[in-house]
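Visitor: A single structure is presented below for examination.
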Amino acid sequence: MLRAAALAPLGGNPSAPTGVLRSVGREPADDELIERARSGDTAAYGALVRRYEQVAFRTAYAVCGDAAEAEDAAQDAFVKAYAALPRFRRGAPWRPWLLRIVANEARNRRRAAGRRLHLALRAARAEPEAAAPAPSASLDGALLAAVGRLEPSHREVVVLRHLLDLSEAECAQVLGCRKGTVKSRLSRALARLRTDLEARDA
């Protein structure tokens, strides 16, 4: 659903065959897909959407806490990212650049709705992308619930760092802050998680 909706405003046919998608025996690199998308190849951009739609949705869900709004935020972010491709710096990592757009869209929706973030992390139980570890492999239900009780800025950094497995540098780029800020937020968030879990176990 997300991939088709995200490509619809672009005016292209995401299922149209192109040279990059006919490659046999290898997955095209992000840089290759981006360059083709810059040239108007919507099928190449569709491949990027399919590659990153799961992590985009989870990032949006971590910020806004609502599945429907997260899907809309991710869709809008893919459309905006496509429009911003001419400004994307060649050779820069695609994932944190995209996820920053996703996070901004999700924050806008959260503010517009006047809601506080109430994260249940249902997205963490979704089928993960191949490169990401399954959250259920490292987090149990009690810990997921404790993460959901954190304040939004702490929830965001925990989800990005430990559920989506972004590096601290990628987290900083997505959140629009310094790497040191990520470290301090993460440290405070983990301390609160420990306190919460210990209090409930007592």
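The values are calculated or read from the model by the stated rules, or taken from the named source; none is laboratory data. Here the structure is a predicted model, which means the values were calculated and not measured. Cβ sites come from the backbone with ideal geometry, for glycine too, and all protein chains shown count toward neighbours.
Visitor: Filter the range 168-202 for residues that are part of a loop (DSSP other than H, G, I, E, B) and under 24 Å from Ala145 (Cα atoms) and give the result.
Guide: The first filter runs over the range 168-202 and keeps only residues part of a loop (DSSP other than H, G, I, E, B), leaving 176-178, 202.
Answer for the range 168-202, where residues must be part of a loop (DSSP other than H, G, I, E, B) and under 24 Å from Ala145 (Cα atoms): just Ala202.
Visitor: For the range 59-103, enumerate the residues that are without any contact (Cβ under 8 Å) to a residue 24 or more places away in the chain and either crowded, with 17+ Cβ neighbours inside 10 Å or within 11 Å of the chain's Cα centre (by Cα) (or both).
Guide: Initially, the range 59-103 is screened for residues without any contact (Cβ under 8 Å) to a residue 24 or more places away in the chain, giving 68, 81, 83-84, 87, 89, 92.
If the condition is that a residue be without any contact (Cβ under 8 Å) to a residue 24 or more places away in the chain and either crowded, with 17+ Cβ neighbours inside 10 Å or within 11 Å of the chain's Cα centre (by Cα) (or both), then Ala81 is the only one that fits.
Visitor: Sort out which residues of the range 173-191 are surrounded by 15 or more Cβ atoms within 10 Å (Cβ to Cβ) and within 14 Å of Val102 (Cα to Cα), and write them in order of number.
Guide: Start the filter on the range 173-191 by keeping residues that are surrounded by 15 or more Cβ atoms within 10 Å (Cβ to Cβ), which leaves 173-175, 177, 181-183, 185-186, 188-190.
Within the range 173-191, Gln173, Val174, Leu175 meet the criteria.
Visitor: To continue, here is another question. Out of the residues in the range 25-68 that are assigned to a helix (DSSP H, G or I) and among the hydroxyl-bearing types (Ser, Thr, Tyr), which is modelled with the lowest pLDDT? Break it down stepwise before answering.
Guide: So in the range 25-68, the residues assigned to a helix (DSSP H, G or I) come out as 30-38, 42-64, 67-68.
The next check asks that each one be among the hydroxyl-bearing types (Ser, Thr, Tyr); those that pass are 42, 45, 52, 59, 61.
Values: Thr42: 92, Tyr45: 95, Tyr52: 95, Thr59: 90, Tyr61: 87.
Here the answer is Tyr61.
Visitor: Now, a different point. Against the condition among the hydrophobic types (A, V, I, L, M, F, W, C) and either at pLDDT 50 or above or in contact with a Phe, Trp or Tyr (Cβ under 6 Å, 6 or more places away or on another chain) (or both), how does Ala6 come out, does it pass?
Guide: Values: among the hydrophobic types (A, V, I, L, M, F, W, C): yes; either at pLDDT 50 or above or in contact with a Phe, Trp or Tyr (Cβ under 6 Å, 6 or more places away or on another chain) (or both): yes.
The answer is yes for Ala6.
Visitor: Among the residues of the range 147-157, which ones are part of a helix (DSSP H, G or I) and surrounded by 21 or more Cβ atoms within 10 Å (Cβ to Cβ)? Even if it seems obvious, please write down each step before you answer.
Guide: We begin by selecting, within the range 147-157, every residue part of a helix (DSSP H, G or I); these are 147-148, 152-157.
Answer for the range 147-157, where residues must be part of a helix (DSSP H, G or I) and surrounded by 21 or more Cβ atoms within 10 Å (Cβ to Cβ): Val147, Arg155, Glu156, Val157.
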